[in-house]
Amino acid sequence: MALQNTLRALADPIRREILNLLKRGRLSAGEIVEHFSVTGAAISRHLSVLKEVDLIRDSREGKFIYYELN
């Protein structure tokens with residue numbers, strides 16, 4: 001089941017692009033949103049899906065949340 005969920009997460013082109021961005025290093029949620037023409041809420045959902053399948057992890061620093069590859 002875990003492999004199926006991971007493949008489903010990778011099926012979306014926006015999520016694949018988020019992973020490509022994070023290959024260069026950690027980014028805040030706001031920095032990730034700047035690369036796309038969709039709403040911040042949509043990007044937040046994509047980030048949640050990637051976290052659920054353990055492809056990325058997040059850390060809070062002050063009022064910012066940073067994401068990086070897991």
Checklist entry - Name the chymotrypsin sites (Phe, Trp or Tyr not before Pro) in the chain that are in a loop by DSSP and that have at most 15 other C-beta atoms within 10 Å, would you? => result Phe36
Item to check | P(r), alpha carbons of the chain - 10 Å bins starting at zero, rounded % | outcome: 21, 58, 20, 1
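Which of the trypsin sites (Lys or Arg not before Pro) found in segment 6-65 are loop residues per DSSP with 10 or fewer other Cβ atoms within 10 Å of their Cβ?
Lys23, Arg24, Lys63
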Checklist entry - If one takes the longest principal axis of the Cα atoms in the chain, at what angle in degrees, from 0 to 90 and to the nearest 10, does the Cα axis of helix 40-52 lie? => result 50
Checklist entry - In deg cm²/dmol, rounded to 500, what helix-only [θ] at 222 nm does the chain give when every DSSP H run of at least 4 residues adds -39500 (n - 2.57) and the total is split over its residues? => result -15000 deg cm²/dmol
Next on the checklist: Let me see the P(r) profile for segment 30-70: every Cα-Cα distance counted, bins of 10 Å, each bin given as a percent of all pairs.
Outcome noted: 29, 57, 14
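Express the carbon and sulfur contribution to the solvent-accessible surface of the chain as a percent, rounded to the nearest whole number, probe 1.4 angstrom. It would help to have the intermediate numbers written out before the result.
Values: 2390 of 4620 Å².
Carbon with sulfur: 52 percent of the solvent-accessible area.
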Next on the checklist: How much length would be gained if the chain were fully extended between Ala42 and Asn20, taking 0.36 nm per residue of separation minus their Cα-Cα distance, in nm to one decimal?
Outcome noted: 6.2 nm
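With an 8 Å cut-off on Cα pairs and a minimum separation of 6 or more residues, tell me the relative contact order of the chain in percent. Write down the numbers at each step before the final one.
Details: 65 pairs, mean separation 25.7, N = 70.
Once divided by the residue count of the chain, the mean separation gives 37 percent.
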Checklist outcome for this item: Between the Cα axis of helix 13-22 and the main Cα principal axis of the chain, the angle (0 to 90°, nearest 10) is 50
Next on the checklist: Using the crude model of +1 on Lys and Arg Cβ and -1 on Asp and Glu Cβ, and no other charge, please compute the dipole size for the chain relative to its Cα centre, in debye to 20.
Outcome noted: 60
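The values are calculated or read from the model by the stated rules, or taken from the named source; none is laboratory data. The structure displayed is predicted, hence computed values, not measured ones. Ideal geometry is used to build each Cβ from the backbone, glycine not excepted, and the neighbour counts take in all protein chains shown. Heavy atoms of the whole protein, side chains included, go into the accessibility calculation; ligands, DNA and RNA do not. Shrake-Rupley method; radii C 1.70, N 1.55, O 1.52, S 1.80 Å.
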